[in-house]
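Trainee: Got a structure for you, written out below as C-alpha cells; questions coming shortly.
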Amino acid sequence: MRIFHYEVFMQKRVSTITGLKAIRVRIFALFCGLTVIGIFFGFLGIDPIALYVDIFWVNILLFPNTLGRFITLLLISIGLAIPFKARIDNIGAEGQYVIGTLAAFGTSLYFSFLDPVLLIPLMFINGFIIGAIWALPVVFFRAKGGFQGADVVASFLMVFPAVFLMEYLVSGPWRDRETGFAYSSLIPEINRIPVLGDLKIYIPLLDFHLDFSSISFPMVNIKELFEGLSLGTIQINIDTIRWDFSPVHITIFLAIFLTLIAYYFIFRYVNGIPKTKIGYEINVIGKNPLAGRTAGMSFFKVILFCMIISGGLAGLAGVGEIAGNQFRLGTTSPGYGFTAIAVTYLGGLNPIGILVSALFFSVLSVGGNAIKLTKGLPGTALDVFSGVILFFVLLAEFFFRYTIKWRRV
Amino acid sequence: MDIVLEMQGVCKTFYGDGVIVKANDQVNFNLKKGEIHALLGENGAGKSTLVGTLFRKPDSGIIRLNGKEVELNDPITALNYGLGIARQDLTKSLIERHTIAENILSISKGFFLSLTEIENEIIKVLNMYDLGELDPKVRIWKLSGGEKQRVEILKALISDPDILILDEPTSMLTPTEIDNLFKLLNKLKARGKSIILISHHLEEAVNYSDRITILRQGKVVDTIDTHKAKENWKSEEEGIRAIANLMVGRESLYDLYREPLKPVNVAIEIKGINAKNEMGDEVVRGVGLKLMDNQIVGLAGISGNGQAELVEAMLNLRKADSGEVWIRGMNITNKSIRAIKNLGVAYVPEVRRKALILDLSVRENLLLNSYQYSPTPMIENDNNALITEELIDRFNIKTPSPLVPVRTLSGGNRQKVVVAREFSVIPPDGAGLILIVENPTFGLDVGTTQFVREELLKMRAAGAAILLVSSDLTEILTLSDVISVMYKGRIMGTVDSEDATRENIGLLMGGVELEEVFS
Ligand SMILES: Nc1ncnc2c1ncn2[C@@H]1O[C@H](COP(=O)(O)OP(=O)(O)OP(=O)(O)O)[C@@H](O)[C@H]1O
Ligand SMILES: [Mg+2]
C-alpha cells in the first residue's frame, strides 16, 4: 500500500511476540479499545472519563457482584481456551451454558429427595455431562464431516435448541404459577450452592473467624470522592461500606482450581515441552493436523477431549449461576458464552491471562449494568463494549505475528 | 564478459528467540552475462537467504544490475527488473488450493486478468522449453513433488527473465527431466541469459556451471572458475570431492561400505495392495513386497508412480481397497497408524508438511514420537529435553536454539529434524526397527547426505528392516540389498543389488518388462 511517499507493508515477524511483551501489547490494545469506546460514547453525549470513573467505583462498591460474574466468565473461558488452542472454534458456549442452567434446575426439581450434600454435587455432575453432550455434534461434524468450519457452524447452531428448550420449559412445565412473568420457581434454599456470605472460615492456629457476610471498612478518606459521584439509585452508606458476599458462591473455588489444573496440565511448558501428552497433542493438532495424524495422533480423540472439557465447563458455569446466584430460570439467554470468547482471546488463550481478562470483563459488565440504570444507556451498549474490545484484541494477535513497516519510495 | 548482477557487502540477519543469526555476512557476489553460476554451501550456509535478498532487499549492502545501483524492495520490482526465481520452499511459493494458472498470474498484464490467456501462454512455454506435460487447470495439491517443482521452474521462466535463479530445482525431478532442464539452461545461456543455480547435487555444478561460489556460515569462501578447475581435476568424482571439502572445510566424502549380511526374519510383508489417489485413480495395483530385518529394500521408480500411495496404504494412512499387511507374523491391515507405529515402525514421509509442524519449536518437533514413551499421561520433560539436545547434536541440526520454530530453519535443516526424529525411534522390547524412508536425503548437503546414508547402513547392521523409497538412483544403488522397481502402480520386478545396474533399473523404471531387460 502506498501513502504519499511512503510504502506501507506488513511483514511477518521472525518470532512471535510472547510473554511479558505480549501482555504489554494486549494492555495497549485494551487501552485503544477503551479510547474508541470513549469516543463513541462521547458522540452520544456521555462524558467517557466520568463513565469509566463511575464504572471503577461501582465495581469497588459492588465487588462481590463482580466476583460473582467472574466465576461464570472464568469457567466458560477456561473451557474455551482448550479447543481454541487446538483450532476448534467452539463459538456455541452459550448453548452449553444454557443447557447447564437447565440441568441444575432440573436436578434440583427431580432429585429433591436427595440430601443437599449429594444433590449439589449431582447438579454439577449433570451440568458437566449435559454441557459436554451439547458440545458433541461439533466433534462429529468436525472430525468426520471433514470440512473446516463445521465446528463453527455446528457449535453455533446448537445454541438455538438450548435456548428454545429453556423457553419451552420456563413458559411451560417449569413455570412458576405465582408470578405473572415467565420465570421458573425458585430453587429451594437448602438446595442452593453455599455462598461466601454465610461461609465462616476458621483458621485453627490463629483461632480466627473470618465472616464474609459483613466485611465492613471505613471509607473516611475517600468520603468526598463518593459524594461527587452520581451513582443514582445505588444507595451508599458513606461512613462504612459493607461488602455483601452473597453473590459469590463457592463455585469460585472450583473455578480457580480448574483454572490452575488446566494451566498445570495443558498449557504449562517445562523445558519447552508441554507437561502432558494431551497438551502436546492439542498443540500439534492445532498447528498442523496432518502432521499429527501422520505421527499417529487421533484427531477425533483430541477434539473429543477438547469439546467435552469445553462443553462441560460451560455447563458447570450454568449450574453455578443458577444454583448459586439467580436461583430461577428466565427466558432470555444472557450472552455470557459469547462474552467468554472475547475473554478467552483477551487472555491470550492462556489460563493465567484469562484470570485477568475474566476479571476485566466482569468489571465492565457489572459497571456497565449499573451505569445502564443510571445513565439511561440501552442494554446493548454493553455489547458494543465487548465487541470493540474483542476487535482490538484480535488486532493485537495480528501484531504478534506481523509488523507494519514503511519506507520511502 | 559484462557483469549483469553485482552484490556487494550484502548482510542479512535474523533475530529469533534472543539469538542473532547472521545468515549473510558481507557477501560479495557477481554474475556475468551468459553464465551459469553455481551457488553452493552446506545446509544453512545462507544460499536461499542470499538470493532472497534480490527480492526483498538486504539489511545492508549494494545491489547493482548492469552497473546501476537498484533497490529491490519487493518481488514485483525484481520481476520488472528481469529477475525470475524458482524457490526451494514450494509450500511458501505455490498456493495449494489454486490451479497452476492461478499461481502464475505474474505474467498477466493490465487491470483485468484473463485466465485463458495465461493458460494458453503456459502451454506455449511448456512446449517451447520442453518442460513436459502439465495441465494449467489442475490444482497444485493434486500434483506430485516433481510436478510442483516443474511448475515452480515454469513460473520463473515464463516472464522470460534475464537473470534466472534456481534454488534446488532438481531435488524432485527425474533423471530425464534433469537432463532436459540442463539442455534448456544451456540454450538460455546461449541466448545471453544469466543463471544462478543452487544445488546439493554437486555433479550438476561440476558439469554445467561456468563458475562456482561457495558459501560457508554466511560468508563467501571462494569463487572458482569451473572450466579452469576442471583441467586440474582428473574426474567428476575428484571435482565433487574438492568442492565438498571447500564447503565443509575439511575432508568429508569417502566411499560407503555395505557389509554383507544374511537376513532371515521377515519384518513386514504386504500382499496384493490396491489403492487410489486423491483423484480416485487406481495408482497402486496389486503390489506385494517383503522386507526383512538386516535388509534395505530399495523401492525405485520415477516419483508419482504410486510409491507414496503404497506406503500410505501400508501404514493405513490411506485406505487400501484390498490387500493385507503383516508385521512379524501379525496381520495389521486396518489397524490404526498409532498401533502400527507402536510396533516399532518409523516413517519419513516425502512430503515434509506431513512430518513437521512449522510453527512449533525444533524441540517439540523432535519429540513427536518420544513424547509418548512414558507410561503415564504425563510427558517426561527433562528426559525428552535431553533426547532432543542429543539429536540436535548428533545430526548437526543448525538451529540457534532448540526453542525456535522449525519455520526459521533452512530447508536442509528442516529435513534433518525429521530424519533425526524417525531414525531414533525405539521399537518395543528389543524388536528390530522397521524404517520406511521416502527420499531421506532430500535437500541435504553432501556431507549430511553421506552421514544419513551411513546411519541407514548402521541401522541395517543393527537389525533394522529398511524400505528406501527414492527417486535418486545413486542412492538406491549404493544402499539397497534388493531393488524393487515400481511403474504405474505395479512392481515391474525385483532385482538383487548384485545384478542391478543403472541401466537395467533405469529401463524397468521406464516401464520395460523384466524379461526383456534380462534377456
Ligand atoms: N525466517 C528466518 N528466521 C530466522 N532464521 C532464519 C530464517 N530464514 C533463514 N534463517 C537462518 O538463516 C540461515 C541460512 O538459511 P538459508 O535458508 O539461507 O540456508 P541455505 O543455505 O539455503 O540452506 P539449505 O541448503 O538447507 O536450503 C539458517 O541458519 C537459518 O536458520
Ligand atoms: Mg535453501
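Trainee: Return an integer: the convex hull volume of the alpha-carbon atoms of chain B, in Å³ per residue.
Mentor: 163
Trainee: Exactly which chymotrypsin sites (Phe, Trp or Tyr not before Pro) in the range B:81-172 are in a DSSP loop and have at most 13 other Cβ atoms within 10 Å?
Mentor: Counting only loop positions with at most 13 other Cβ atoms within 10 Å, the chymotrypsin sites (Phe, Trp or Tyr not before Pro) in the range B:81-172 are B:111, B:112.
Trainee: Report the net charge of residues surrounding residue A:33, where surrounding means a beta-carbon distance below 14 angstrom and charges are Lys +1, Arg +1, Asp -1, Glu -1.
Mentor: Charge balance in the 14 Å sphere: -1.
Trainee: On the accessible surface of chain B, probed at 1.4 Å, how many percent belong to carbon and sulfur atoms?
Mentor: The computed percentage sits at 51.
Trainee: Same structure, new question: For chain B, build the charge dipole from Cβ charges (+1 Lys, Arg; -1 Asp, Glu) around the Cα centre, then report which of B:127, B:100, B:40 sits farthest towards its positive end.
Mentor: Sorting the options by dipole projection puts first B:100.
Trainee: Separate question: Which is farthest toward the positive dipole end of the protein assembly as shown among A:86, A:169, B:395, measuring Cα position about the Cα centre, with Cβ charges +1 (Lys, Arg) and -1 (Asp, Glu)?
Mentor: A:169
Trainee: Can I ask one more? Taking the Cα centre of the range B:93-160 as origin, work out the dipole magnitude from +1 charges on Lys and Arg Cβ and -1 charges on Asp and Glu Cβ, in debye rounded to 20.
Mentor: Roughly 200 debye for the range B:93-160.
Trainee: To one decimal place, what orientation-averaged projected area in nm² is obtained for the convex hull of the Cα set of the range A:95-167?
Mentor: 4.9
Trainee: Taking every DSSP beta bridge that has both residues in the protein assembly as shown, what percent is antiparallel when rounded to the nearest 5?
Mentor: For the protein assembly as shown, the DSSP antiparallel bridge percentage is about 65.
Trainee: Chains A and B: what accessible area do they bury, summed, in square angstrom to the nearest 100, with a 1.4 Å probe?
Mentor: Its buried surface, counting both partners, is about 3000 Å².
Trainee: Would you kindly find the accessible area of residue B:282, with a 1.4 Å probe and non-protein molecules such as ligands, DNA and RNA excluded, rounding to the nearest 10 Å²?
Mentor: Accessible area, nearest 10 Å²: 90 Å².
Trainee: Leaving out ligands and nucleic acids, note down the accessible area per residue over the protein assembly as shown with a 1.4 angstrom probe, in whole Å².
Mentor: 44
Trainee: Quick one: ranking A:111, B:55, A:391 by accessible area, 1.4 Å probe, largest first, what do you get?
Mentor: A:391, A:111, B:55
Trainee: Next question, about the same structure. How much of the accessible area of the range A:265-371, probe 1.4 Å, is carbon plus sulfur, in whole percent?
Mentor: 63
Trainee: Just for the Cα atoms in the range B:93-160, what are the lengths along the principal axes, largest first, rounded to whole Å?
Mentor: So the extents along the principal axes, rounded to whole Å, are 33, 27, 18.
Trainee: Students sometimes get this wrong: rank B:478, A:332, B:174 by accessible area, probe 1.4 Å, all chains present, largest first.
Mentor: Accessible-area ranking of B:478, A:332, B:174, largest first: A:332, B:478, B:174.
Trainee: Same structure, new question: What figure, in Å² to the nearest 10, do you get for the accessible area of residue B:345 with a 1.4 Å probe and non-protein molecules left out?
Mentor: The value for residue B:345 is about 0 Å².
Trainee: Report the accessible area of residue A:306, computed with a 1.4 Å probe over the heavy atoms of all protein chains in place, in Å² rounded to the nearest 10.
Mentor: Surface open to solvent at residue A:306 totals about 0 Å².
Trainee: Output needed: percent of Cα pairs per 10 Å distance bin for the range B:134-255, bins running from 0 to the one holding the longest distance.
Mentor: Computed distribution, short to long bins: 11, 39, 33, 14, 3.
Trainee: Sticking with this one: Less than 15 Å Cβ to Cβ from residue A:131, Lys/Arg counted +1 and Asp/Glu -1: what total charge do the surrounding residues give?
Mentor: With Lys, Arg at +1 and Asp, Glu at -1, the neighbours total -2.
Trainee: Another question, if that's okay. Measure up B:189/B:219; A:301/B:341; B:47/B:92; A:301/B:92; B:262/B:341 against 21 Å on the Cα-Cα distance and list the ones that go over.
Mentor: B:189/B:219; A:301/B:92; B:262/B:341
Trainee: Report the rotationally averaged projected area of the range B:269-349 based on its alpha-carbon convex hull, in square nanometres.
Mentor: 5.3
Trainee: Okay, moving on. Based solely on C-alpha atoms, express the radius of gyration and the Dmax of the range B:356-426 in angstrom.
Mentor: 11.4, 35
Trainee: Looking at B:459, B:356, B:23, which one has the Cα that reaches farthest to the positive end of the dipole of the protein assembly as shown (charges on Cβ: Lys, Arg +1; Asp, Glu -1)?
Mentor: So the residue we want is B:23.
Trainee: Give the average, rounded to an integer, of partner chain Cβ atoms located within 10 angstrom of each Cβ in A:274-283.
Mentor: 4
Trainee: Still on this structure, I have one more. Run the dipole for the protein assembly as shown about the Cα centre, Lys and Arg Cβ at +1, Asp and Glu Cβ at -1, nothing else charged, and hand back the magnitude in debye, nearest 20.
Mentor: 1280
Trainee: Viscosity 0.890 mPa s, temperature 25 °C: what is the translational diffusion coefficient of the protein assembly as shown from Stokes-Einstein with a Kirkwood Rh over Cα pairs, rounded to a whole number of µm²/s?
Mentor: 77
Trainee: Could you please put B:77, B:176, B:448 in sequence from largest to smallest accessible area, using a 1.4 Å probe?
Mentor: Highest to lowest solvent-accessible surface, that is B:176, B:77, B:448.
Trainee: I'd like the GluC sites (Glu not before Pro) in the range B:197-263 restricted to DSSP loop residues with at most 15 other Cβ atoms within 10 Å, sorted by number.
Mentor: B:251
The values are calculated or read from the model by the stated rules, or taken from the named source; none is laboratory data. Please read all numbers here as calculations on a predicted model, not as lab measurements. Virtual Cβ from ideal backbone geometry, glycine too; neighbours counted across all protein chains shown. Calculation scope for accessible area: heavy atoms of the full protein, side chains included, ligands and nucleic acids excluded. Shrake-Rupley method; radii C 1.70, N 1.55, O 1.52, S 1.80 Å.
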